[in-house]
Each structure stands twice: as C-alpha cells, then as structure tokens.
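So the structure is just underneath, and the comments pick up after that.
The values are calculated or read from the model by the stated rules, or taken from the named source; none is laboratory data. Please read these numbers as outputs of a predicted model, since none were measured by experiment. Here the Cβ positions follow ideal geometry from the backbone for every residue, glycine too, while neighbour counts run over all protein chains shown.
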Amino acid sequence: MVRLLYSRYWPAAQRILPLGALVLYGLGIVAAAKLFRSIEDLYLRYALACVAVQTAALLILAVGLIAGKMIAVRWNERRRRTLDQIGGLFAQYSCGAQCERELSAAARVHTSEFLEVWEASLTTLKGSSRLRLEELLMRTGLGRRLVTQLADHDPGKVLRAIALLRKLESPPMDTIEKALGHPAEVVRAAARITIAARGCSESQDRVLNQLPSLPFWQRIVLFQQIPADSPALRDYLTQAFLTGDDTVVLAALEFVLSRQRLQPVSRANRLACSPSAEVRIKFFKALPFLATDEDTAVLIRRGLDDPDWRARAMTARACGVLRIASLGSELARRFAQATQPVEAGHLARALAALEGDYWQRLQEFTVAGNEMTRAVATEVIEKHLTQTQEQVR
Amino acid sequence: MKELLLSLLGWYETWVILYLFAISTIYMVLLLTGCVLLVHYRFFRRDPEVSRCLEFSALMPPISILAPAYDEAATVRQSVRAMLLLRYPEFEVVIINDGSKDDTLRLLIEEFHLYKSARFFDKGLTTGPIRAIYESIDPVPLVVIDKQNTGKADSLNAGINVARYPLVCCVDADSILEEDSLLRAARPFVEDPEHVIAAGGIVRVANGCEVAGGRVVRVGVPQSWIARFQVVEYLRAFLGGRVAFSMYNCLLVISGAFGLFSKAAIVAVGGYGTNTVGEDMELIVRLHHWARREKKDYRIVFEPEPVCWTEVPESLATLHRQRSRWQRGTIQTLWAHRGMIAHPGYGLLGLAAFPYYVLFEMFGPLVELTGYIVTFMGLALNLFNHNTALLFFLAAATYGILLSVASVILEELTLRRYPKVRDLVLLLIAGVLESLGFRQLLTIWRAQAFWHLFRNGQAWGAMERKGFG
C-alpha cells in the first residue's frame, strides 16, 4: 500500500479506490438481498438488504474504531514509557555511564523507539557526547541497517533512513547520493536536501545544477540548506549570472534574495536590461545584496527608467537601502510624477532613508503634489517618526 | 380519487427515497475519495525539515490576515494576540471593526497601543466609509480599520483595500488559528504559484477544547449535544466533501472563517459581493466564473491540515439563524450564477459540482421536508403500509448514520485530533443521534430559508459568544 502511495500509479488508484469501495458496498447489498429471497416485494427485499448491510458496516466500523483507539491509546502509553526508559539510558550514557549493554538490548527489542530517542538526543547534544551517541548507533548495528535501507524500494523506509543518517557528523553520502536515482520523487527530494546540506562540492554542484528545473518550493528548501561558505555555491552563482538562460538566472537571484548575503555578480548591466521583466524585477530587488562590477548608481538610474513599474519600485527600494544620495533629486522628481501607489511608496521610503535635504523634500510633498503623493508622503513620514520613537523607547 | 391520491403519494414517496439514497451515495463517494486523498496527504506532508525551511525563507509570499469584527469584545484581544504569534516569515494583521456597538475598538486601542495612522491605501474596491485607520506604536504588524457598520462582505473589501501583501487570509475575528496554519495554508501557493488563486483550511469546533493564551491546548468534545452534532457535521463536510471537490478543482466553498486568496484575483473579480449573505461561497463561485471565462489555468484548493478553531452555536435560536443564513447564501449564490449550471464550457464544475449543489444542497431540504410530510400524511390517512414506510426510512437513516460514523473514522485514521477513547465514543453516539432528529430540524430550518430569503435583510446575525478560556 505504501509503495502504491509513492508510485506513479497513485493518481489512477485514488480515482479507482473510492469507486471500488462503492461497488463492494453494492455487491454486499445484492448478496444480502439473496438472503431475503422469501420476501417477494423487490423494493422491500432490497430495502431490508440495505438496512442489514449498513447496520453490519456500522457495527463493524464502530467496534473497529473503538477497539483500535483503545489499542492505540495503550500502545502509545507503553511506547511513551519505553521512550522514557531509553531516554534515561541515553542521558546516563552521554554523561559517561557504562550502560551500553542495556542500550544494545533496547536497540534490538525496541528499534523504532531507540531511533526516535537517538534522533531527538542528537538535535540537543554537541561535542563528545554527540560523538559517543553516533558511535553507539554503529556499534548496535542499526547504523549499518539504516545504510542498507537506503537501497530499499519502499520509499517510507528510505525516507526514514535518510532523515536519521543526515544527523550524523559524517553521513554516508555516497549511499545517500544513490537515492537520487530512486523512482519516488519524494525520496529524490529528501536526498537532494541532504546532499545540499552535507554533501561534498561535486555532489552539491550536481544538485545546484538541477535547481532551475525544480519546483519553487523545493528551491526554497534547498536555498536554506546549502551552507553559505560552500565553494560549490559560490561557483554556481558566478556561473549562473553569466548564462543567458532566464530560468537559471531567476533561480540564482532567488537564492541571493533568500540568503540575503553579499554576492559578487559580473555583467550586471545585462541583467538590468534583460528582456524578461521577471529577471529585471528580481535583479533590482536583489541589488542591495549584489556586489556588481558596474557603478550601482548607473544601474539604478537605468532601473528607474524601466518600463515596468514593479522594476522601478524595486529600484527605488534598492536606492533607499543602499542610500545613494546622488540620486536623491531624481527620486524626488519621479515621486512627484508617480501614479502607481506601490512605486510611490518605495520612492518616498527611499527619500526618507536618504535623510537631510531629501527628508525636507519629502515633507514638502505632504502639502504639494497630487492627492496620492501627499497621502503616501504623510504615511512614510509618520512611519519613520514612529519607528524613531520606538527606537528611543 | 383515493386511488389517484394514493398513486401520486406513492410515486412521490419513492422518488424522495431514491433521492435520499442518491445524496447519501454521493456523500459516500466524496468521503471515500476524501479518505484516499487524506492518507496520501499524510505521507507527503510530514517532513518537518521542509516546514522549518519554509518558515524562515524570505521567499515565502507575505500575507495580510483580514479579520472583520462586529461586537467581538469578549474574544477580540485574545484572538488578535494569537494571530500576531502565528509562525510565518512575513505577515500583517488587519482587524476591521465594522461599527461595533460594544468596546471592541477601545479594547484594541488600549491593549495594542494604537494610534490614528495616515496609512495610504488604494480604493480599488468600493466600500462603505472608513472612519479611521489605527496602527500600533509597538513593533507588531497590526492595523485596525474603524468603519461604519456595512456588513461583513463590505468590511472584508475594506480590509483588502488596506492590505499591503499579495496574499490575503480572511478569517473570523473570534476564530483561533493554529500557529502553523498560515504556513500550511500558504503551501499550495508556494508549490504552484502560477495557478493557485485560493486555498481553504479546515474549520474545527472549539467548544469543549481547552484554550490558553489564544491557542487550543487540549482538544475535547463539547458538553452540549447540539455542539457535538456540529462536530460530526463539520468533519463530514470538510474531510469528505471539500477534499474530494478540491481534487477535481470543483470546490465551491471556502469557509469564511479561514481562507487564503490571491489579492490580485479578488480585486479582479470586484471583491466580496455585498448583496448576498453567503459572501464566502459567492466569492469562490465568482472566482471560478471569472477564471473559466478568462480561460485561465487556475486552481482553488482545500488543505486539510491548516486548522482554524471556531465556536459553534449551542443554542437552537442562534443555530437556527446561522443555518438559515447559510442556506440563503447558497440559494442566492447559485441563483446569481445559474448560467454555469450544466454548462459544458465550465467543465466538471458546470456539469457535476453545480448540478450537485442545486439538486442536493439547494433543493435538498425542500425535497426531504416534503418527503416527511407525505409520509406522515400517508400514514395518517392509512394510505401506506406502516412497515414498508418505516423500512424505507430506516434504510435512508442508517445510510446517513453510516456516513456520520465514517467521517469520525476518517478523522481518526488521518488527522487524529481527539486523544481519548471517550471522545470518539461520544462522537460516534452523536453521529447516530444526529440523524434521528437534529438533521430533520436543520432540514426544516433550511427549507424555511426559501421563505426568509424574500423577507429578511443581510444582517450579520448575532452570535452569542462565551469567549475562549
């Protein structure tokens, strides 16, 4: 059943299964009707059959539910007790006590509980205690078993093995990489996440090269996993901005926006003039985090002339964040002519960020200009003052 | 004459029974489909690592939470505090005080140190007059709109105008969102950003649960039977119907208590309709209508894991008002979009979902009620065989009970929110008793809605709140 869940046949199965159950129910009624052959009226016979089948189903379901719940509650209680016991042993072991034999026995008898406590302990422990627990896993034989499970066809087992093994200081990356070829996408995704976080440069490179073809949410997850100082990441981003491929550039820009760390980028001018509005918007949004090989003021001036208002708005935002005072007059001029509230908002915030004369200009806009710019200027000034007041408090 | 009457009544009786079987069979298919989908969902959404990554990503689309409030003094502070503690990278809470007569606004001003703000907003949607906008002097993303009383739909439209973010989450101010509900509800927008325009979460009954600090800390079954029946009803509707309809992109309702929308899509269709009492359903149907007319590749989805807890009525009078309003909303919406019924241009939505809603949700109560009347008439006038009539209705009733019990089992198999055996036993009993009186009462009230529709205005309908905690 679990394999079916992860297989490519599942979409078809999820349409067929409910109908199958209904057909089964119908057959049940037909079979029950045969038991009431003595009733001549056909309607009555089938009505009685319906009542019989439904009552039987009702009773089976109700009894099954209550019995199942009772068993589950007891099982959970017992499991909690076992978890507590193993947790206690782990606490003693990590403090240096000699209880390896008891732990090995627990690993043999209560494998699932042992692994659960082991996983939880590893998220809290550091240093030598953590290393002792890692060694314990290997000594109990569970480490080897998990590595073997990585090659299993059952996606559930592989996922569990990956989730546990990625906690190790040196996970068996060669074996985890093999999971990239698993038929279930969910396993491949888990392997990619682990490789991104813990893999060697070459493996990370392979995963990074798949980025543009991955769904957006998987990209978000991978962005969070790859270490900022990874050489593979640095090389990937440098290369990505050089390719003319919009999907690759967009993924790289998303990466920069996600990590919010300074990233060197060459040929920035080409990105600022990209035919794709999406690329230009994301480029100007990410500009505060990009160390470009060109004059930022020139790039911003170009962004302020962009035909798309969203790109102009992001440019104004970047100008405020980078505090490029030489463009203050240009920002003020554009603010006076702005028709799009979002763009006007970013221009006004940029003027406020530049302070000095431009703060004065912004104040003048509260009584001059059109209704929208007056309102936006007033709001930005108010917000700026309340934030200052909050900082003072 | 008697023979003609007998054959007419007999004919009608047979059709009513067939109708009841048909509706129950459809529910059964929906429940089974829901079950299959929920099992699949459990397996694919369990990686906490992914949730953690999404929680801290700057790429998650920011959300404006819109909560209209009318006389919510009992719960508003706690609800807002809980909303501000939600786990999501970037969001703002916009409370719309719809001319409350009680202390709602004063309490908010005092609790959250609000000041009258000069916040600018685009009046993209036409709304009633706004008296003032307040923001907090504290570093919390809270905006309060104070406006004249013009109804819930108009309040939401005002909130949409003021909202700054691309996604808007419409909730009831008295509801409690689970702390990861936004993350979970936003997941479809992240997984399929090009196509998803709306997503709804599950609404659960908060009566009987222990609430502390604006969070449900212990799930329990309500004390009153009226609320218990509603627990079963909600489970059946959300875990069965909505999951299955969502699979075929035919979801016609996202609860007004918890729905996440693309702001651009809502503005494109003109916001919430103010001339209906079922504004939540009407908006979804209008989004479908608009997207299909514009030939957009879109999706409106239901997510079973983001949970919103809400207090349900425990008095019959309040429940009567609520159900009457819901039914009137359904009738108004279906009538307003009647052009979609059985229209092949709208695909499965026009050919299956809409006819289902018209036949079973709109006219269902009328058919059921007349069925009861005809049966009683037939029995009183000795036109029917007592045993036959009883047997047929027993068959229909056990079918209904089976569905209720199945929905409780579905809950236990997939989401498992009720921890005790006693809770499940009570819900099972409620599932049985619900079909023996409560459902018939709701049928009468819903049938009355046809009559009320022509008389009543569009008031919010006062809900007696006990307040959580």
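One line per residue, one yes/no per condition, for (1) within 23 Å of the chain's Cα centre (by Cα); (2) surrounded by fewer than 16 Cβ atoms within 10 Å (Cβ to Cβ); (3) over 20 Å from A:Ile29 (Cα atoms):
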residue	(1), (2), (3)
B:Gly345	no, yes, yes
B:Leu359	yes, no, yes
B:Ile373	no, yes, yes
B:Leu390	no, yes, no
B:Leu394	no, no, no
B:Thr398	no, no, no
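So that you can scan it fast, the table gives a plain yes or no per residue for (1) aliphatic (A, V, I, L, M); (2) more than 15 Å from the chain's Cα centre (by Cα); (3) part of a helix (DSSP H, G or I):
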| residue | (1), (2), (3) |
| --- | --- |
| A:Ala190 | yes, no, yes |
| A:Ala196 | yes, no, yes |
| A:Glu202 | no, yes, yes |
| A:Asn209 | no, yes, yes |
| A:Val221 | yes, no, yes |
| A:Ala232 | yes, yes, yes |
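Results for (1) out of contact with any Cys (no Cβ under 9 Å at 6 or more places or on another chain); (2) at the interface with chain B (Cβ under 10 Å from one of its Cβ atoms); (3) assigned to a loop (DSSP other than H, G, I, E, B); (4) under 27 Å from A:Lys157 (Cβ atoms), shown as yes or no for each residue.
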position: A:Ile16; (1), (2), (3), (4): yes, yes, no, yes
position: A:Leu24; (1), (2), (3), (4): yes, no, no, no
position: A:Val30; (1), (2), (3), (4): yes, no, no, no
position: A:Ser38; (1), (2), (3), (4): yes, no, yes, no
position: A:Tyr46; (1), (2), (3), (4): yes, yes, no, no
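Looking at segment A:239-275 only, could you name the residues that are acidic (Asp, Glu) and over 18 Å from the mean Cα position of the chain (by Cα)?
Matches in segment A:239-275: A:Asp245, A:Asp246.
What do you reckon, is B:His320 of a type outside the set (A, V, I, L, M, F, W, C), surrounded by fewer than 23 Cβ atoms within 10 Å (Cβ to Cβ) and in a helix (DSSP H, G or I)?
yes
Going by the structure shown, is B:Phe120 without any contact (Cβ under 8 Å) to a residue 40 or more places away in the chain, farther than 28 Å from A:Thr366 by Cβ, within 14 Å of another protein chain (Cβ to nearest Cβ) and aromatic (Phe, Trp, Tyr)?
no
So which residues in segment B:266-276 are among the hydrophobic types (A, V, I, L, M, F, W, C) and touching a Lys or Arg at 6+ places or on another chain (Cβ under 9 Å), if there are any at all? Step through it out loud before you land on a result.
Here is the first cut: in segment B:266-276, the residues among the hydrophobic types (A, V, I, L, M, F, W, C) are B:266-269.
Listed by number, the list holds a single entry, B:Val269.
Based on what the data block shows, is A:Thr296 within 22 Å of A:Arg261 (Cα to Cα) and either surrounded by fewer than 20 Cβ atoms within 10 Å (Cβ to Cβ) or acidic (Asp, Glu) (or both)?
Numbers: within 22 Å of A:Arg261 (Cα to Cα): yes; either surrounded by fewer than 20 Cβ atoms within 10 Å (Cβ to Cβ) or acidic (Asp, Glu) (or both): yes.
Considered against the rule, which asks whether it is within 22 Å of A:Arg261 (Cα to Cα) and either surrounded by fewer than 20 Cβ atoms within 10 Å (Cβ to Cβ) or acidic (Asp, Glu) (or both), A:Thr296 comes out as yes.
Looking at (1) surrounded by fewer than 22 Cβ atoms within 10 Å (Cβ to Cβ); (2) touching a strand residue (DSSP E or B) at 6+ places or on another chain (Cβ under 7 Å); (3) free of Cβ contacts under 8 Å to residues at least 24 places away in the same chain; (4) not aliphatic (A, V, I, L, M), which is the one condition that is false for B:Tyr165?
Every listed condition holds for B:Tyr165 apart from (3).
Name the residues in segment B:50-75 that are surrounded by fewer than 17 Cβ atoms within 10 Å (Cβ to Cβ), at the interface with chain A (Cβ under 9 Å from one of its Cβ atoms) and either touching a strand residue (DSSP E or B) at 6+ places or on another chain (Cβ under 6 Å) or not basic (Lys, Arg) (or both), would you?
Those that are surrounded by fewer than 17 Cβ atoms within 10 Å (Cβ to Cβ), at the interface with chain A (Cβ under 9 Å from one of its Cβ atoms) and either touching a strand residue (DSSP E or B) at 6+ places or on another chain (Cβ under 6 Å) or not basic (Lys, Arg) (or both): B:Phe56, B:Ala58.
Taking segment B:392-414, which residues are more than 9 Å from every other protein chain (Cβ to nearest Cβ), small (Gly, Ala, Ser) and within 10 Å of B:Leu235 (Cβ to Cβ)?
B:Ser404, B:Ser407
Determine which member of the set A:Ser276, A:Ser213, A:Ser230 is more than 11 Å from every other protein chain (Cβ to nearest Cβ) and modelled with pLDDT under 85.
Working: A:Ser276 fails: modelled with pLDDT under 85; A:Ser213 fails: modelled with pLDDT under 85.
Checking each option against the conditions leaves just A:Ser230.
When you check B:Arg87 against the structure, is it assigned to a loop (DSSP other than H, G, I, E, B), basic (Lys, Arg) and touching a residue at least 40 places away in the same chain (Cβ under 8 Å), yes or no?
Criteria met by B:Arg87.
Might you check whether a residue that is over 22 Å from B:Thr398 (Cα atoms) and within 11 Å of chain A (Cβ to nearest Cβ) occurs anywhere in segment B:23-37?
Scanning segment B:23-37, I find at least one residue that is over 22 Å from B:Thr398 (Cα atoms) and within 11 Å of chain A (Cβ to nearest Cβ), so the answer is yes.
Just to be sure I understand, how many residues within segment B:161-184 are assigned to a helix (DSSP H, G or I), touching a Phe, Trp or Tyr at 6+ places or on another chain (Cβ under 9 Å) and within 14 Å of chain A (Cβ to nearest Cβ)?
Residues of segment B:161-184 that are assigned to a helix (DSSP H, G or I), as a first pass: B:161-162, B:181-184.
From the residues that got through so far, the ones that are touching a Phe, Trp or Tyr at 6+ places or on another chain (Cβ under 9 Å) too are B:161-162, B:181-183.
Okay, now just the ones that are also within 14 Å of chain A (Cβ to nearest Cβ), so B:161-162, B:183.
Final tally of qualifying residues: 3.
Assess whether A:Leu61 counts as being surrounded by 11 or more Cβ atoms within 10 Å (Cβ to Cβ), among the aliphatic types (A, V, I, L, M), farther than 25 Å from B:Trp15 by Cα and free of Cβ contacts under 8 Å to residues at least 12 places away in the same chain.
yes
Take B:Tyr41 and decide whether it is among the aromatic types (Phe, Trp, Tyr) and more than 13 Å from chain A (Cβ to nearest Cβ).
Taking the combined requirement at face value, the residue does not satisfy it.
Tell me, please, whether a residue that is in contact (Cβ under 8 Å) with a residue 40 or more places away in the chain and within 9 Å of another protein chain (Cβ to nearest Cβ) can be found in segment B:374-391.
No; the residues of segment B:374-391 include none that is in contact (Cβ under 8 Å) with a residue 40 or more places away in the chain and within 9 Å of another protein chain (Cβ to nearest Cβ).
For segment B:415-423, state whether one or more residues are assigned to a helix (DSSP H, G or I), surrounded by 16 or more Cβ atoms within 10 Å (Cβ to Cβ) and within 10 Å of another protein chain (Cβ to nearest Cβ).
Yes, the conditions are met somewhere in segment B:415-423.
Results for (1) in contact with a strand residue (DSSP E or B) (Cβ under 8 Å, 6 or more places away or on another chain); (2) at pLDDT 95 or above; (3) small (Gly, Ala, Ser); (4) part of a loop (DSSP other than H, G, I, E, B), shown as yes or no for each residue.
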| residue | (1), (2), (3), (4) |
| --- | --- |
| A:Val321 | no, no, no, no |
| A:Gly328 | no, no, yes, no |
| A:Arg334 | no, no, no, no |
| A:Thr339 | no, no, no, yes |
| A:Ala353 | no, no, yes, no |
| A:Ala375 | no, no, yes, no |
| A:Thr378 | no, no, no, no |
| A:Gln387 | no, no, no, no |
